[in-house]
Structure formats: C-alpha cells, structure tokens
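Undergrad: The structure's right below; bear with me while I get my questions together.
The values are calculated or read from the model by the stated rules, or taken from the named source; none is laboratory data. This structure is a prediction, so every number in the text was calculated from the model and none was measured. Using ideal geometry, Cβ is built from the backbone for each residue, glycine included, and neighbour counts are taken over all protein chains shown.
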Amino acid sequence: MVLQSSLKNCFQLSCILRTPKAGFRSTTCGSLIIQSISNDVYQNLAVEDWIHDHVNLENRQVLFLWRNSPAVVIGRHQNPWQECNLRLLRQKSIKLARRRSGGGTVYHDLGNINLTFFTTRKKYERMENLKLVVKALKALRPQLDVHVTDRYDILLDRQYKISGTAAKLGRTTAYHHCTLLCNADKFVLSSVLKSPYKGLKSNATPSVPASVKNLFEEDPSLTCELLLDAIAEEYATQHHIDHHITLINPADETVLPGISNKTKELQTWEWVYGKTPKFSVSTCFNMVYKDSVLDVKVDMDVKHGRIEVCNIDLPEQWLPPALCSELVKSLVGSKFCPNEITMLATTLLRMCPQDDELHNRWNLLCENMVMLM
Amino acid sequence: VCIHRVRSCSSIRFIKSKYVCVFDKSALKFSHQQRLFRTSAVSCGQIVQFKLSDIGEGITEVTVKEWYIKEGDSVSQFDSICEVQSDKASVTITSRYDGIIRKLHYNLDEIAYVGKPLVDIEIDASKGVAPEEDVVETPPMSHEEHTHQEIKGHKTLATPAVRRLAMENNIKLSEVVGTGKDNRILKEDILNYLAKQTGAILPPSPKAEIIPPLPKSETLPAAPKDKARKIPVPVSRPIVFSGKDKTEPVTGFHKAMVKTMSAALKIPHFGYCDEIDLTQLVQLREELKPLAQIRGVKLSFMPFFIKAASLGLLQYPILNASLDESCQNVTYKASHNIGVAMDTEQGLIVPNVKNVQVLSVFEIASELNRLQSLGSAGQLGTNDLTGGTFTLSNIGTIGGTYTKPVILPPEVAIGALGKIQVLPRFNGKGEVFKAQIMNVSWSADHRIIDGATMARFSNLWKSYLENPASMLLDLK
C-alpha cells in the first residue's frame, strides 16, 4: 500500500541521511530499494543527484527504480542538435533532459524502465549490476535469450539492444544507471532520435545507433511491473534484504531537502542546452521567394549554447546590407534557440522601414535560420 | 580567498595589516592573523602536481570534457576541478588541496592518463603537502576561540575548508557536533549548525510532526508513536549568503529590446487615462463563457476589448497609422492587426491578431487562445509577431491601475488595461451600487495625434464596453 510505504519511506530514508543525529549512526540499515512515484524526468534525475550528494553509502547500497513520461535524455557531454530532432520534440511536447552521467542519447516513455545502482566509488561495478538484471530476466522467463555485451549493453536474441548503460562517479559515491525496454513506442523512438540538422561539427560524445526491440514483443505477457518486481527480487536476494520497495516522492522537500532546487537546475536552458560542448554549424539552404530560388550560406560557432561567431551569405542586395549586418551583430551572443531568434528578429524589424517587401524577405530569412535550431 | 593569496606572497607584507583592519570585528576572530606575521618571511607556496586518481574498473585513460577552473583560480579541498569521461562514465574530479591552480595539463577533449599529473596547484607553504587524509590542525594559542577549544581539552578535527567556512560565519568549531570519522566536523555539520542559528533566512521547512500526512484511519497503531520518536527534524540546506554582484552582457532578444525602447522614447508620448464601468460586460461574459467553452474556446475579456478597439479605429483611423522616419508621410493602415502584449519567460512579446476588422468576438477569442498557447510554449512564428498596427496591454492581470505604456514603433498608439476592481459608484438615481471598474491608460504619438482625437476614441471605446449592446449596431 502506498500509505504504509510512505510512512516506512520516511523512516528508512531518514536513517540513511547524513544528518548529525547520533542515534542513527548506530542503526544498521541494510541496502534499500526505492521507486519513484513521479514520471517527470527532471524530478527523477534530481533524485539521482540528491542520493549521490547526500546519502552515505559506506554500509549500504541503493537501487532506484523509475519511469518517465515521454522524454529524450542526452548524456552529459552530448550535443542535442546532433542527437535528436528538436523540432519534433517541441511539436510533440516531448521533454529534453541532460543527465549528469556520460554515454549516449535515449528515449524514455512509460514502456521503458530505468534502474540506478548506487554504491561507493570503490564498489562501482557495472558488469555485476547488469548480470543481476539478466539473472532477474532469466528467472522470470527462462527462455529469454538475453546477455550482457562488453560495451555494457544488454542484447536480446544476440541482436537487439534492450538496455543501455551510463555512469557517474563522484568523490566518494558512484552510480550506474541503465534502461530496459519493455513496451516503449519504437516508432516515436526512431523518429525523435534522428537529427535533421546538417553541417554540425563538434567533439561532443556521439551516440552509437542500435536496433532495438521491446521485451514485450518477445513475450507479450511481460509488463513493466513484472520486470521491476523481478529485478527488485533479485537485488533483495543478492543484498540479503527484504523484497520491499520504498516509494519516494521527488517533490517532497521534507524527505529530500533541497530536491526542488536540483529539479529546477536540471530544467534550466543553461544546463540542458548551455552545457553543449563548443560546436560549429556550416550549412546552406534554399529559399523560395516569389519566382526565384536563393542560395543562402550560414556559418556559426556556438559555445555554451550561444552564437559566438555568425556569418550569413546572401545574394547581393536581397536585403539592405546595413540590415543584414545589424541582424548578424544581434545574433552574436544570442542563444542558439528558435524562440530567441524569432523574438530578436521580429523586434529588430520594428526599427526597419515600413516596407511589406522588406518585411516578407526578412521574415523568410528568419524562418529559415530558425529551422537550423 | 584573499587571505590565502596574501599569505603566500611576502612582498605584500604591508598590505596585510591594513587589510585585516578593514574587517572590523570579524578580523579579530581570524586565527590566520597570527599566522600571517609568522609566515610573512616565507616566499610563495609549494607547487604540487595533483595526479589523476584511479577511476576503477581498470581504466587507464579518460577524456577531459570540461574544466570547472582555470589557471589562477583559487580552489578549496573537495571543490570540483574538472569533468572527465571514460566509456559512458562521467567522473567529477575534485581537488585534494586548498590552493591556487597554476597549470592545467590538458586541453578540452584531450586524453588524460590515470596516475599522471592533471593540474599543478600552489599550496600554502605553512601547511605543507596535505596528506591523503584530512588535515588535523592545532590552532595557535593567543586567540579567544582557541582558548575555548583548549578548555574542551581536545583537538577539533576539521579540514581547512571547513575551518574557513566556520570562521566566515563566526562559528566556534567547539560548538559544532562533528559527524565525520573520529567526530571530524564536516561541511554539512557547519551548515546544519547554521540552520539552527539563522532560522530567519532559511526556506520554510516543516517540523517533524507534519511529515507525510497520514489519514487517521491508518491501521498501524504502533506507527504514530514510532513517528514521534524516530523521525528527525528534517534539515533543509541552509542558504549561506555570499552576495556577489553578477555582471552579464546584454545579448540577443534583450539587446533588440534596448534598441526598440530607445527608439520608442524618441516619440513624444502623451497620455490619456479613464475609468470604465464593466458591470454589464462582466455579466455578458458570464453568459457567453459556457457557449464559447462548448466550441472549445476560452473566453476572456480581451476579445471584447480588442473588437471594441477595432470599431473605434474605424472612426479614428489615424490611431492605426504609421509615421515614416523623416516624419514626412503618414500611412493609414487598412488592416487592424491588434497586438496583445504577453509576458513570457523570455520577456515581453507582442503577437498580434490579424484583421480584427473582419473578425467576430468569438474568432478573436479563438485566435488569442492559439497565440497564448504558442507563446507559453515558446513557439510563436515570425508572422504572428510582425505586422502589428495597434497594441493593447493587459497589465491588469498582474496588477495595477494606471500605467504609462510605451508605444511600440512603428505604431502610434497603445493602451494599457489595469485590473478590474469592485468599487462603489453612483447610478442615475443617485444610489450607490457595486460597480466593476477598470482603468485604461492610453499613450499616443503627439506628433500626429492630438488630445481630442485620443479622448474621442477612448470615449467611443468606453461606450461600447459599458453598454455592450451598442456594439451590435456597429458590428460588421
């Protein structure tokens, strides 16, 4: 029952907090299995941060189970423009999050489960964790052909990736998290993870595309709940604790003090986009205006998600050169973001002569520029 | 931070005494004061090579992905230095020492090797090379804080970083309960101590008794007792105030706004304000809201304000005009593209409803809904944001009565609507009744619009809204 769990939840979590209450240091709590009641990717990532920062893992380990409503999650050092179709994400209101661990880009929805294994840095061992997952799957359905590769993926039928891994190591603690595809929307997955942006050059970590399959396709009787339960069971056995899952509410400041700040930080533009390693965009596009087709060449350097250098090559006199240079000057320092550019360009237009032709051309150019973002 | 620097260079000896005096009473509490004079003869600190420690899993090389510090920066023990990546694992490397970064051995995206130097840190000579474990320090004698500790009879274990934090906040280490190994005082302990002292500046954190509300029908009789005994007071991270000014460049959209507003102020504005009795309109809207809802549209007051403005503009087209740069020509715009100011996260944006002169109130409401949802999602297009001829700003949804709105070039007029208040007014019979009053503040370009025109337009607009039935006569 949720209610019983929330009471136990408070008790157990507080006994592993690093708060200076002498009584608790003597209490021996075993390892813990917790599950988030939220499907918000930012809140759940914040819980990972919180546990990483606040929980003393010397004598215990933690397994955190979570699922998210549709979201694309990129690795710490990745470039979202390179990894996914941001336009499609915005259209479909799919969230974009940047996690603190390394690795590649994944698509989450409620048909995908996430597992995070928290340990001290010394006990960080990804292979063991993944073997635990495989063992749990085989215990649930012995006929499943699943195994762990040396790239820390889990493959189904030696072919299809059903799990990807990433990890974060801090000074004293570490966590290893992985996904597990149960019944995710593969159609949306493949369409959002395909970047339409051309001409990007960067040193950001690239993702390695793989063929994926849902466990549900292999065995329709499998559900996320069954999988979560099986994994919790295996973890409990290996850690000699009760098979009991503590529910946790990532919005609860009393149990997780400071969590809302962490959640907010993960949602800021500066974190999601601004942490992209420096990259350059060098591309050209065609604009159809009245009866002619124009070639436009654009070169930009983007650092911390902001345009550092900008160069737009337009056919001569198509737009007054003074206006063009005004636009380019204003773009420098601006966020590499469609909304920002649209607002900037339309505001600048107020200062231009009131000429419908000019306005139409200006708007056309801006709309095309925005397509690059 | 400054104290560290001062300590390590003998040449600035004379500045030290002046420096300390600047901080009145807190200076006296600095134990470093004693040390300053002792070490003044010593030259700059020792440079230590901080090597990249073992990552685990037999990994020997990593890629440097982000530096959190640069050469010349001061670091404390446990501060983050850089982020490295190895095979899907992102690792935060923290400093083992207090000191100043003197050299970064790798650039971004270079491969760094475990066991090889990562950065060079200049640490303070007085402390020597900090060992793997935390530093144990015996504070110098003639200081009030240290007498205190002497009385307690034991050395207080704390790292230099923790000591500094305690000193900056005037905390006696002896009064802090240490929860680290061997009762060592950790940074968290100082923060928790602060939390108890400075309750006023902390974010509100409920007391132990209020933790997860359980319904009374909970069938665990032992539970409430357990709760009272075992659940501690939740500790929220107290905010240690280290107020520093932050300077940022004005870029992008804000830079464009600076240009627009500077140009707008060149327009000679004149203002005209009035009070509108919306009692009848409020009632009308109540009746029409459900009808609009059935058609899937949220009906606010704005569609009425916008339509009434358009009807007024038909009579006073000069308000829907544009003056060219040289002030030689006035262009009377045929379309009434009425802009609606919206406050978003990014700032003020003004999308406009096109051709209000041919739209019904319902159609205007529908368009507004579309613009509002695009606006809050940050997805408004160039077409929606350009071509406006007249603007209304409903600042009243946030608050306020009268304002002085600024005209948005190339327009010549703007209206700002205050909040709707219930106020007592006299009716025709001399009786007091409850009236729904809203204030409007117009600004117009005095170069081509005179007071009388603005007043008449406002009166017409007002009459349409105070008596909505009259709008029916003039609706096209």
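Undergrad: Check off (1) touching a Phe, Trp or Tyr at 6+ places or on another chain (Cβ under 9 Å); (2) more than 19 Å from A:K95 (Cα to Cα); (3) not hydrophobic (A, V, I, L, M, F, W, C) for A:G199 and give me the number that stays unchecked.
TA: The single condition A:G199 does not satisfy is (1).
Undergrad: If you don't mind, there's one more thing I want to ask. From the set of residues in segment B:70-96 that are under 13 Å from B:A161 (Cα atoms) and surrounded by 21 or more Cβ atoms within 10 Å (Cβ to Cβ), which is farthest from the chain's Cα centre (by Cα)?
TA: B:R96
Quick grid of which residues meet (1) under 23 Å from A:F117 (Cβ atoms); (2) in contact with a Pro (Cβ under 7 Å, 6 or more places away or on another chain); (3) in contact (Cβ under 8 Å) with a residue 60 or more places away in the chain:
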position: A:S190; (1), (2), (3): no, no, no
position: A:K201; (1), (2), (3): no, no, yes
position: A:S207; (1), (2), (3): yes, no, yes
position: A:E225; (1), (2), (3): yes, no, no
position: A:I231; (1), (2), (3): yes, no, yes
position: A:Y235; (1), (2), (3): yes, no, yes
position: A:H239; (1), (2), (3): yes, no, yes
position: A:N249; (1), (2), (3): yes, no, yes
position: A:E253; (1), (2), (3): no, no, no
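Undergrad: Keeping to segment B:434-456, report how many residues are free of Cβ contacts under 8 Å to residues at least 12 places away in the same chain and among the charged types (D, E, K, R).
TA: Of the residues in segment B:434-456, 1 are free of Cβ contacts under 8 Å to residues at least 12 places away in the same chain and among the charged types (D, E, K, R).
Undergrad: How many residues are at pLDDT 80 or above and either under 29 Å from the mean Cα position of the chain (by Cα) or surrounded by 18 or more Cβ atoms within 10 Å (Cβ to Cβ) (or both) if we restrict to segment A:12-58?
TA: 28
Undergrad: Please identify the pairs in which a residue from segment B:260-271 that is over 15 Å from B:A444 (Cβ atoms) has its Cβ atom under 7 Å from the Cβ atom of a residue that is buried (at least 17 other Cβ atoms within 10 Å of the Cβ) and among the hydroxyl-bearing types (S, T, Y), counting only partners at least 6 apart or on another chain.
TA: Short answer, once both residue conditions are applied: B:T260/A:T347.
Undergrad: Quick check on B:K404: is it at pLDDT below 95 and either basic (K, R) or outside the structural domain of B:K289 (by the TED database) (or both)?
TA: Here the answer is yes, as B:K404 does meet what is asked.
Undergrad: Next up: How about segment A:269-373: which helices (runs of 4 or more DSSP H) wholly inside it have at least 3 residues that are touching a residue at least 12 places away in the same chain (Cβ under 8 Å), more than 10 Å from chain B (Cβ to nearest Cβ) and surrounded by fewer than 20 Cβ atoms within 10 Å (Cβ to Cβ)?
TA: Passing ranges, in order: A:269-272, A:321-331.
Undergrad: Would you say B:D343 is surrounded by fewer than 21 Cβ atoms within 10 Å (Cβ to Cβ), more than 28 Å from B:D277 (Cα to Cα) and within 40 Å of the chain's Cα centre (by Cα)?
TA: So B:D343 does not fit the description; no.
Undergrad: Here's a follow-up. How many residues are within 16 Å of A:S36 (Cβ to Cβ), away from chain B (no Cβ under 14 Å), in a strand (DSSP E or B) and not aliphatic (A, V, I, L, M) if we restrict to segment A:88-117?
TA: 3
Undergrad: OK, next. Given the conditions (1) more than 13 Å from B:L118 (Cβ to Cβ); (2) assigned to a strand (DSSP E or B), which single one is not true for B:K70?
TA: Of everything listed in (1) more than 13 Å from B:L118 (Cβ to Cβ); (2) assigned to a strand (DSSP E or B), B:K70 misses just condition (2).
Undergrad: Please list, ordered by residue number, the helices (runs of 4 or more DSSP H) wholly in segment B:248-327 having 1 or more residues that are within 14 Å of chain A (Cβ to nearest Cβ) and within 18 Å of B:P351 (Cα to Cα).
TA: Here the list reads B:252-264.
Undergrad: Let me ask you something else. So, B:T260, is that one within 35 Å of the chain's Cα centre (by Cα), over 24 Å from B:R370 (Cβ atoms) and of a type in the set (V, I, T) or not?
TA: yes
Undergrad: Please verify whether B:V356 is more than 31 Å from the chain's Cα centre (by Cα), touching a residue at least 12 places away in the same chain (Cβ under 8 Å) and within 13 Å of chain A (Cβ to nearest Cβ), treating the condition exactly as stated.
TA: no
Undergrad: Shifting gears a bit: Tell me which residues, restricted to segment B:404-431, are away from every other protein chain (no Cβ under 14 Å), closer than 11 Å to B:W442 by Cβ and part of a strand (DSSP E or B).
TA: The answer is B:A413, B:G415, B:A416, B:L417.
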